[in-house]
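Colleague: After the structure tokens below, expect a handful of questions from me.
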Amino acid sequence: MRLACGDDPGYPVERPKAEGLVATPAGTSWFTPVPETEGLWLEIHGDGARPTGMPRAALAAPLIEMLLSSERDAARLWDELTVRYAEIDLLYAISEILGQTVRLEEAARTILRQVARVVGARRASIMVFDEPANLLRVVASQGFDKGHAPALSPDDPQSIAARVFRDQRVIGGDATQVAGRRGAGRHPVYKGNAFLSVPICYAAPGSPARPIGVINLTDSLDGDRFTPRDRKLVTAVANQIGAAIENARLAAREREQQRLEDELQLAHDLQLKLMPEPHVLKGAAQVAVRCVPVASVGGDFYTFLRQGEGRLGVMLGDVSSHGMSAALVMALVLSAAGIHTAAAAGPAETLHRLRESLLAKLSEVEMFATAFYGVLDRNARTLFYANAGHPHAFRITEAGKAERLEATAMPLGLGTWGPIAQATFSWDVEHDLLCLFTDGLADAANADGNRFGEARILERITALRDRPPEEIVDAVMTEVDRHSASPADDRTLLVLRF
């Protein structure tokens, strides 16, 4: 037996076999065990240790036991409060992260630092599931370089982290439990003497929880194992960690979506700037045009070209498909058209050169383009044109007749054979209208699948042929939009009086 409190008598005492008198170098003492304790005895010596029976002082043993029990309860309560405080403090730290728009790695790094501090881990990592790649990736680490931690398949049979992720259950122990296993040392988080892996889950409102990652802790500062208290604490906050990580991932997706929207808006603005505004022809012609891509950018295009006194070139076309790929080809067509219209002798030669310069690119992207190019000559009162497969090109006469300006060649990109022919029409400079539009208008369908149709477009334009081009375009586009409010293709309409 050893002294628990009081003055050191200077000699050892053997543990008694039972309550009673025991001879000691200082005399006879009464020894009595304190109830509900492990190996704690009360020694009563001097006058109180008479051989006539248990001394009254021995009755203090239950009181001592009660005091010690109260002290143990207070210590347990203090430990519990400490755990609760650590948990609340950790939850508060995570809630602050949830309230901020941070990047995933920044959120994970902050959370990991807090958890490792509270639990007492020298080394730790957070792995997040990359769904498109079907891999668990380390997004934050402490105590080692995450760049040296390879991504893991969640189906890896040898990985503790993968098993925790798959089974959605906590696994903890010491390094001897994984030593010798094939691949056990593949991840640096398991090189320490103790490890704890906890699944990170997230449950959207009304949906079951799903695993989104794993938090790994190793090298406990308090011993060879992480305690049940550590396991309880990390498990308790795992869902909050999941919410923080999911919040960061959603914020990242939002930022990426906003970036894409900004870039598409910029592309939309730039594409429209490639096509001239009607006011550039002020004094030379009355023209109105509306180009509405079905997405941010599209494949419809038009341009005007002054060609000396009394001559005006007009081009309109449609690249197959729509969206970004069509927009890129459209920009290429307009760029090439600007070069060839200035160098060519007439519409047919212009489209011929355009076809030759674009053939390789159109073949590469497996696309084609229709294009109408006409030159109006005020002095000769003539329209010269070439039409590479564009179906919707018309002259509206004073009498209200819609004369189709037929195709004179295949669409650009659908073959290199054959010459591109040129046609000539007389032109009434005071009354004739040049009307060009793309199939997005004619094919516009309502909820019942009924197309607006080319005939209705021409009927409306013919009825309004004496009005300014701007009024004609507004009226037709409004009626088409009323018929089909959700476009399936780019819509362009150009009306010109020269």
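Please treat every number below as a calculation from the coordinates, not as lab data. Computed from a predicted model, the values in this text were never measured in an experiment. Glycine also receives a Cβ, built like all others from the backbone with ideal geometry; neighbour counts cover every protein chain displayed.
Colleague: Take the alpha-carbon centre of segment 307-350, take the same for segment 236-290, and report the distance between them in whole Å.
Modeller: 27 Å
Colleague: Estimate the FRET efficiency between Glu38 and Glu261 by the formula 1/(1 + (r/R0)^6), using the beta-carbon distance for r and 56 Å for R0, to the nearest 0.05.
Modeller: 0.20
Colleague: Apply the Kirkwood formula to segment 1-81: the hydrodynamic radius equals the inverse of the mean of 1/r over all pairs of different alpha-carbon atoms; give it in Å with one decimal.
Modeller: That comes to 14.0 Å for segment 1-81.
Colleague: Under 5 Å between amide H atoms, partner at least 5 residues away or on a different chain: which partners does Arg467 have, H built in plane at 1.01 Å?
Modeller: Sorted by chain and number, the residues that satisfy this come to none at all.
Colleague: Next up: Kindly give Rg over Rh for segment 193-265, based on alpha-carbon atoms, with the Kirkwood expression for the hydrodynamic radius.
Modeller: My calculation puts Rg/Rh at 1.19.
Colleague: Separate question: Span-like helices, the chain: DSSP H, alpha-carbon axial extent 24 Å or more, mean Kyte-Doolittle 1.0 or greater, which ones?
Modeller: 324-343
Colleague: Which of the lysines could be linked to Lys273 by a straight reach, that is with a Cα gap under 25 Å, when you skip same-chain ones fewer than 8 residues away?
Modeller: Answer for Lys273, where 25 Å is the Cα cut-off: Lys282, Lys361, listed by chain and number.
Colleague: Now, a different point. Starting from 0.36 nm per residue, how many nanometres of slack lie between Arg404 and Ala360 once their C-alpha separation is accounted for?
Modeller: My answer for the length gained is 12.8 nm.
Colleague: Summing -39500 (n - 2.57) over the DSSP H runs of n ≥ 4 in the chain and dividing by its residue number, what mean residue ellipticity at 222 nm do you reach, to the nearest 500 deg cm²/dmol?
Modeller: Result for the chain, helices only: -12500 deg cm²/dmol.
Colleague: Determine which aspartates and glutamates satisfy two conditions relative to Lys401: a Cα distance under 12 Å, and not lying fewer than 8 residues away in the same chain.
Modeller: The qualifying aspartates and glutamates are Asp432, Glu459.
Colleague: Once label points are set 7 Å from the Cα along Cα→Cβ at both Asp443 and Leu77, what is their separation, rounded to one decimal in nm?
Modeller: Label at Asp443, label at Leu77, 7.9 nm between them.
Colleague: Using Cβ counts within 10 Å as a stand-in for footprinting exposure, how do Cys5, Cys201, Cys435 rank, fewest first?
Modeller: Ascending Cβ contact count within 10 Å gives the list Cys5, Cys201, Cys435.
Colleague: Another one. Calculate one ³J(HN,Hα) per residue across segment 142-147 by plugging θ = phi - 60° into the Karplus curve 6.51 cos²θ - 1.76 cosθ + 1.60, and present them in order as whole Hz with x for glycine and proline.
Modeller: Listing the rounded values in order: 9, x, 7, 7, 5, x Hz.
Colleague: Just to be sure I understand the model, the point goes 7 Å from the Cα along the line to the Cβ. What's the resulting Asp466 to Leu68 distance in nm?
Modeller: A separation of 11.6 nm, rounded to one decimal place.
Colleague: Related question: Cross-link partners among aspartates and glutamates for Lys232, C-alpha distance below 20 Å, same-chain residues fewer than 8 apart left out?
Modeller: Straight-line reach from Lys232, under 20 Å: Asp79, Glu80, Glu87, Asp89, Asp167, Asp174, Asp219, Asp222, Asp224.
Colleague: For the chain, what ratio Rg/Rh do Cα atoms give with a Kirkwood hydrodynamic radius?
Modeller: Using only Cα positions, Rg/Rh for the chain is 1.41.
Colleague: On a full-extension model of 0.36 nm per residue, what is the gain between Glu131 and Leu3, subtracting their alpha-carbon distance, rounded to one decimal in nm?
Modeller: Additional length available on full extension: 39.8 nm.
Colleague: At Leu274 and Lys17, where each label point lies 7 Å from the Cα along Cα→Cβ, what is the point-to-point distance in nanometres?
Modeller: Going from the Leu274 label point to the Lys17 one covers 10.6 nm.
Colleague: Quick check on the exposure proxy: order Asp130, Asp489 from fewest to most C-beta atoms within 10 angstrom.
Modeller: Asp130, Asp489
Colleague: Over the residues of segment 242-314, compute the C-alpha Rg and express it relative to 2.2 N^0.38 Å.
Modeller: Expressed relative to 2.2 N^0.38 Å, the Cα Rg reads 1.82.
Colleague: While we're looking at this one, here's another question. For Glu19, Glu36, what's the fewest-to-most ordering of other Cβ within 10 Å of each Cβ?
Modeller: Glu36, Glu19
Colleague: Binning at 10 angstrom from zero up to the longest distance, how are the C-alpha pair distances of segment 100-253 distributed in percent?
Modeller: 12, 45, 35, 7, 0
Colleague: In debye, nearest 20: dipole of the chain around its Cα centre with unit charges on the Cβ of K, R (+) and D, E (-)?
Modeller: Using Cβ point charges on Lys, Arg, Asp and Glu, the chain gives about 860 debye.
Colleague: Also: Debye calculation, C-alpha points only, no solvent: report log10 I(q)/I(0) for segment 275-497 at q = 0.10, 0.12, 0.15 Å⁻¹, in the same order as the q values.
Modeller: After summing over all Cα pairs, the log10 values are -0.41, -0.60, -0.96.
Colleague: Return the FRET efficiency for the residue pair Glu254, Ala151: r is the Cβ-Cβ distance, R0 is 25 Å, and the value is rounded to the nearest 0.05.
Modeller: 0.50
Colleague: Using amide H atoms built 1.01 Å from N in the peptide plane, name the residues 5+ places from Ile212, or on other chains, whose amide H lies under 5 Å from its own.
Modeller: Hits under the 5 Å cutoff: Ile200, Cys201, Tyr202.
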